[in-house]
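Comments concern the structure below.
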Amino acid sequence: MFNFDISNTKVGKELIKEGIKEGKKEGKKEIIIFLFENRFGKLPTKFEKQINKIDSQLLDDLAISFLNFSSINDYYLWWDKKFAHHNH
């Protein structure tokens, strides 16, 4: 086999950087789901599908907004506002 360390190449470094970025995003999603389930109980499938669609910046915004949510309905209001705004 080859004795070659791809992590020392430009492509390798970019792949590692992208992997770390995706790992952080997955961690944020897991924490958000955990917090919502603990506060509001079992979540609809729709919730997790929506969470999987959004980028890291919106996950951060959701985490901050969550602090002021008193019901899952607040999330849906947030979603409607952000998703409509995010795509226009």
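Check SER65, SER70, SER56 and return the single one that is touching a residue at least 12 places away in the same chain (Cβ under 8 Å) and exposed (fewer than 15 other Cβ atoms within 10 Å of the Cβ).
Unique residue meeting the criteria: SER56.
Quick one: in the stretch 1-49, which of the residues that are within 30 Å of ASN68 (Cβ to Cβ) and acidic (Asp, Glu) is surrounded by the most Cβ atoms within 10 Å (Cβ to Cβ)? Here the answer is GLU48.
Which one of these is touching a helix residue (DSSP H, G or I) at 6+ places or on another chain (Cβ under 6 Å) and either at pLDDT 90 or above or on the phi > 0 side of the Ramachandran plot (or both): PHE40, PHE47? Break it down into steps so the answer makes sense when it comes.
Working: PHE47 fails: touching a helix residue (DSSP H, G or I) at 6+ places or on another chain (Cβ under 6 Å).
Just one listed residue meets the conditions, PHE40.
The values are calculated or read from the model by the stated rules, or taken from the named source; none is laboratory data. Quantities reported herein were computed from a predicted structural model and do not represent experimental measurements. Here the Cβ is made from the backbone with ideal geometry for all residues, glycine too, and neighbour counts use every protein chain on show.
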